[in-house]
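The values are calculated or read from the model by the stated rules, or taken from the named source; none is laboratory data. Remember, it's a predicted structure, so these values are computed and weren't measured experimentally. A quick note on method: Cβ atoms are made from the backbone with ideal geometry, for glycine too, and the neighbour counts reach across all protein chains shown.
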Amino acid sequence: MELKMRLCVALLSLSLCLGLMGHVRAQEEADDVEMDVEDAIDDMREEDVEEEEEKAPGPPPVPTVTYRAPEPMGEHYFAESFDKGTLQGSWCVVLCVGKWEVEEMKDTKLPGDKGLVLKSKAKHHAISALLLRPFTFDTKPLIVQYEVNFQTGIDCGGAYVKLLAQTPDLDLEEFVDKTPYTIMFGPDKCGEDYKLHFIFRHKNPKTGEFEEKHAKKPDADLRTYYTDKKTHLYTLVLNPDNSFEILIDQTVVNSGNLLNDMTPPVNPAAEIEDPDDHKPEDWDERPKIQDPDSVKPEDWDEDAPAKIPDEDAVKPDGWLDEEPEYIGDPDALKPEDWDEDMDGEWEAPQIPNPICETAPGCGPWERPMIDNPNYKGKWKPPMIDNPNYQGVWKPRKIPNPDFFEDLHPFRMTPFSAVGLELWSMSSDIFFDNFFVTSDRTVAERWAADGWGLKKAAEGAAEPGLVNQMITAAEERPWLWIVYVLTVALPLVLIIVFCCTGKSPASTSAAEYKKTDAPQPDVKEEAEDEEAKEEESGLIDKHKSEEEDSPGEAEDAAGSDNKDGDTSNEVEQLMLLEEH
C-alpha cells in the first residue's frame, strides 16, 4: 500500500510541477508583454535620444545542412549528380513519348541539389549515358549505386537501372527494351508486389545463348522504401568470388552466391530424365489392393436402410392432424392482367397456417427417423498390401547433353553504358547520384557526400514523435485504437492501481472488530481515566487526614518520617496536577 501511495504522490507531484511550469511560463510571457509595452512608451518619450543601448545577442541560429555537389575521390567508371542542371553532353534521351527533366525535388531539403526526374505517367521512358570506359569483370569487384525517391508514391512502375552490354551495335539513340544488358538492378512495384531486382544475363558456353538469372527475393520487408517518400540509396556489390550483396541505405537486405542463389541455376543438372523412356504397361503402382480371399459374411445385410422410424416416438398432445401446415393467403388478389388461358388457373400464394403457431404441429404426424443400428452398407473386401507393388514409376536418368559447368559466373559480359528504360503509371520519380566503381571505399565516400547530406537534411526537417504518430493515424485510422490500447489504457490502470484499495484505517478497524484488541485511542483514554481516578483518590485521602488531625501536621514538623511522607505526597500531588 505504501508503494501505491508513493506512486500516486509521484504522479501528482509531476502533474503539479508541469502545471507550475506552465503557469510560470505564462507569467513570464505576460511579464515580457508588459515590459515590451513599457519599453515602447519609454522610447516614444525619449525620441531625442540618438543612440540606444545595444541589444543583448539572441540565441545562435539553428544549423542548416548546406549542399555541395559530390565529387568522386578515387577510381570510378561513372559518376553523375545532375547538379549542372542539364542532360546535354553526357546523356542520350530516346525520342519516345516519356519526358525527363533535371530539377530539384518538390519538397527539397537541400536547395541546389538537382536530380533526374521521370515526369510522365503511363508512358515509355528511355535515357542512357556512356561510361568513362567499359567495365570488365576480372579481379576487381563491381559496385553500382544510385538514389531513388518516389515523390508522389508508386502505384505500378519500376526505378531500376540497366548496365548495357558492350556490343559492336550498341546505339544509345535506339535504346529500347530489347537492347542487350548485362545487369538489371533496382526497385520495382506493381500492386502489392514489392520487388528489388538483381538480374544478370548469363552466356551459355556451349550454345552462346543468353539466359536471365534472377536473385532470390530479399527476406526484409521492402514496403516502407516505396511509401515513405524519402530518398533511398540502392547499392549492388558483386565480388570476384561470386558472392553478392544488395543494400538499401547502406544496410544489407539480400546476399548470396551466384552459383547457389539464382533462379534458374547458372549450371544445369548433370543428369536429366530420359525423354524417350516410357512406363511399361504391366507396371503396378498400387500400394494397396482388395483382399481376393475375403468373403462377405452371411449375416451381412446390404439392403438395410440407413434410417428407420423411431418406434418409441409419441405424437405430441394437441397435434392438429386435420389442419394443413400452409394455406392460401386470404388477402391475396388475382392480378388484373392475369390471363387464365395463358397463365393457367390463378391460385393464391401459400402462407403458414396461423392456427399452427400455437400448436405443436399440423398435418399428418409421422414418426421421426433415426439411425439404423443394423445398417452396414455395401460390403467391400478389406485392403491389403499389394504383393506386386513396384513403386511410382520414374523415367531413367541419362547424362545431360547440354550440361556445362561455369564456376566463375562473375565473369559476365563487359558493359559500357548505364540506362533507364521504364514504363511507369506514376510520375515524378527522382533519380540522383549514379556511381559505378570497383572500390568500395570510394563508393562509400560518394554516398556520404550525396545521399548522406540528403539523409541529414530530411532528418532535421522531420516532425516530432507526436506529429509523426498523428500523421500516421490520419493515413491509417485504425492506429488510433492501437494508441488507446498502448497509452491511455495503461495510464488508466496506473491511476486505478494508485488511487484504489483499502485504507489503513479501514483495515485496522476491521481487524479490531474481528479480534476485539484494544486500539491506540482506547488505550490512551483508559490511561487518562486511571490517572484521574488515582489523582482524585490521593486528594481525598489528603483532605481526610487534615480534617482528622489538623494539629498533628504542625507538631510533626520536626519528625523526619512524617515530614518525608508529607513531602512525598506533595510531590505526587504536584505531578498529578501537572499531568
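Structural remarks
- Hits in segment 386-398 (condition: assigned to a loop (DSSP other than H, G, I, E, B) and touching a residue at least 12 places away in the same chain (Cβ under 8 Å)): Asn386, Asn388, Tyr389, Gln390, Gly391, Val392, Trp393, Lys394, Pro395, Arg396
- Residue that is touching a residue at least 12 places away in the same chain (Cβ under 8 Å), touching a strand residue (DSSP E or B) at 6+ places or on another chain (Cβ under 9 Å) and more than 21 Å from Leu420 (Cα to Cα), where the choices are Leu222, Leu233: Leu222
- In segment 101-113, the residues that are modelled with pLDDT of 85 or more reach residues that are small (Gly, Ala, Ser) and exposed (fewer than 13 other Cβ atoms within 10 Å of the Cβ) with C-beta atoms within less than 8 angstrom, at least six apart or across chains, in these pairs: Val102/Gly85; Glu104/Gly112.
Yes/no matrix, rows are residues, columns are (1) in contact (Cβ under 8 Å) with a residue 12 or more places away in the chain; (2) closer than 30 Å to Glu271 by Cα:
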| residue | (1), (2) |
| --- | --- |
| Glu336 | no, no |
| Trp346 | yes, no |
| Glu357 | no, no |
| Glu366 | yes, no |
| Asn374 | yes, no |
| Met383 | yes, no |
| Glu405 | yes, yes |
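- Qualifying position, being farther than 27 Å from Glu458 by Cβ, at pLDDT 95 or above and in contact with a Phe, Trp or Tyr (Cβ under 9 Å, 6 or more places away or on another chain), among Phe210, Phe244, Phe198: Phe244
- Filter result (among the β-branched types (Val, Ile, Thr) and touching an Asp or Glu at 6+ places or on another chain (Cβ under 6 Å)) within segment 309-363: Ile351, Ile355
One line per residue, one yes/no per condition, for (1) surrounded by 13 or more Cβ atoms within 10 Å (Cβ to Cβ); (2) aliphatic (A, V, I, L, M):
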residue: Gly377; (1), (2): no, no
residue: Pro381; (1), (2): yes, no
residue: Asn386; (1), (2): yes, no
residue: Gly391; (1), (2): no, no
residue: Leu407; (1), (2): no, yes
residue: Phe410; (1), (2): yes, no
residue: Ser424; (1), (2): yes, no
residue: Ile429; (1), (2): yes, yes
residue: Thr437; (1), (2): yes, no
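- Among the conditions (1) within 28 Å of Phe403 (Cα to Cα); (2) assigned to a helix (DSSP H, G or I); (3) of a type outside the set (S, T, N, Q), the only one that Tyr225 does not satisfy is (1).
- Checking Asp155 against (1) touching a Leu at 6+ places or on another chain (Cβ under 9 Å); (2) modelled with pLDDT under 95; (3) surrounded by fewer than 19 Cβ atoms within 10 Å (Cβ to Cβ), the condition it does not meet: (1)
- Some residue of segment 172-187 being touching a Pro at 6+ places or on another chain (Cβ under 6 Å) and in the same structural domain as Asn242 (by TED's automatic domain parsing): no
- Residue match in segment 403-416 (condition: assigned to a loop (DSSP other than H, G, I, E, B) and touching a His at 6+ places or on another chain (Cβ under 7 Å)): yes
- If you go through segment 349-385 and keep only what is over 29 Å from Ala313 (Cβ atoms) and not in a loop (DSSP other than H, G, I, E, B), you end up with Met383, Ile384, Asp385.
- Residue match in segment 139-161 (condition: among the basic types (Lys, Arg) and within 19 Å of Ser243 (Cβ to Cβ)): yes
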